[in-house]
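**Student:** Mind having a look at this structure? Questions to follow.
Where a number appears in this text, it was derived from the coordinates with a stated rule and is not lab data. Fair warning: this is a prediction, and the values are worked out from it, not measured in the lab. Cβ placement follows ideal geometry from the backbone for every residue including glycine, while neighbour counts extend to all protein chains displayed.
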Amino acid sequence: MKRILPVLCTFLCLMFFFAPAVHAQGYNDDYYDDDDYYSDDDYYDEDDSDDYDDNDDYYDENQREHEENDNVSYIINKTRAGDQCIKISLAANVPMNFGNPWPTKDGKLKLGGLGSIGYHYFLTDWFAVGADVGFGFNSTIAGNTFNFIPIVVSATIQPSVRNFEFPISMGIGMAYESYNSKSYWPGLVIKPEVGVHYKINQGWSVGCDVSYTIMPQLGKTWDTGTKNIYGKFITVAACARYYF
């Protein structure tokens with residue numbers, strides 16, 4: 001009994017010192033396993049999210065610079081081979097002879113107008129062929145009206161810069177002309193033309209065309225009259241083209 005008592009006392013002393021430590025370790029493990037507190041992974045996630053926010057700012061800045069420097073918005077509206085267009089125009093028709101050019105006091109024709117519609121087909125990105133038909137008029141100082149219906153076929157070279165187009169055309173055709181109950185058919189029409197257009201989108205462009213139109217009446221040449229008359233006009237047109 002005397003031998004057992006010292007051993008028992010030693011055992012109780014060891015339990016007294018080590019039991020609180022074991023209990024505390026278990027308590028701490030339960031404490032950190034609680035879902036109400038962040039784990040180490042959560043801290044890593046917060047750090048990562050900060051990095052992502054920084055990256056988002058970086059990519060947003062790069063995207064902005066890319067969009068500012070990108071040319072795509074200028075080339076998506078470029079005319080391509082195989083494109084077709086309908087052209088509609090309204091023009092002021094300025095007579096350049098018949099006495100003196102309008103609006104001098106000796107001029108026999110007054111300022112007139114011309115409306116036309118046409119179809120054009122692009123064989124390449126910059127070359128097109130087509131035809132236009134119109135109706136024009138000019139009144140005279142005596143109160144009469146000179147009317148003409150031109151039918152013109154044309155070839156067009158069209159250089160472009162970004163969304164701006166610069167059509168340069170040469171047209172030739174014929175016209176029905178009438179004045180004071182008299183008519184002339186077929187009258188020759190020669191029409192060089194230049195223009196500046198802006199292509200709004202892939203379907204539409206608007207612009208201005210200027211042409212110098214020559215419409216001779218060759219009565220003496222064809223033995224249908226006593227003289228040849230060379231009508232010359234400058235037309236300034238506002239026009240729209242629909243591409244398809």
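**Student:** Report, in debye and to the nearest 20, how large the dipole of segment 153-244 comes out about its Cα centre when Lys and Arg carry +1 and Asp and Glu carry -1 on their Cβ.
**Tutor:** Values: 8 positive and 5 negative charges, 16 e Å.
Dipole size: approximately 80 debye.
**Student:** Further question: Near residue 127, within a Cβ-to-Cβ distance under 13 Å, what is the net charge of the other residues, with Lys and Arg +1 and Asp and Glu -1?
**Tutor:** Residues near residue 127 contribute -2 overall.
**Student:** Let me understand segment 175-244 better: what is its radius of gyration from the alpha carbons, and its Dmax, in angstrom?
**Tutor:** Computed over the Cα atoms of segment 175-244, radius of gyration and Dmax are 17.1, 53 Å.
**Student:** Using just the C-alpha positions of segment 121-244 as equal point scatterers, what log10 of I(q)/I(0) does the Debye formula give at each q in 0.15, 0.17, 0.23 1/Å?
**Tutor:** Cα-only, vacuum Debye calculation for segment 121-244: -0.76, -0.90, -1.37.
**Student:** Return the lysines within reach of residue 108: Cα separation strictly under 29 angstrom, same-chain partners fewer than 8 residues apart disregarded; answer none if there are no such residues.
**Tutor:** List returned: 182, 191, 220, 227, 232.
**Student:** Take the alpha carbon atoms of segment 121-135, find their center, do the same for segment 211-232, and report the distance between the two centers in whole angstrom.
**Tutor:** 27
**Student:** Any chance you could run the full-extension gain for residue 182 through residue 240? It's 0.36 nm times the residue separation minus the Cα-Cα distance, nm to one decimal.
**Tutor:** Gain on stretching residue 182 to residue 240: 17.5 nm.
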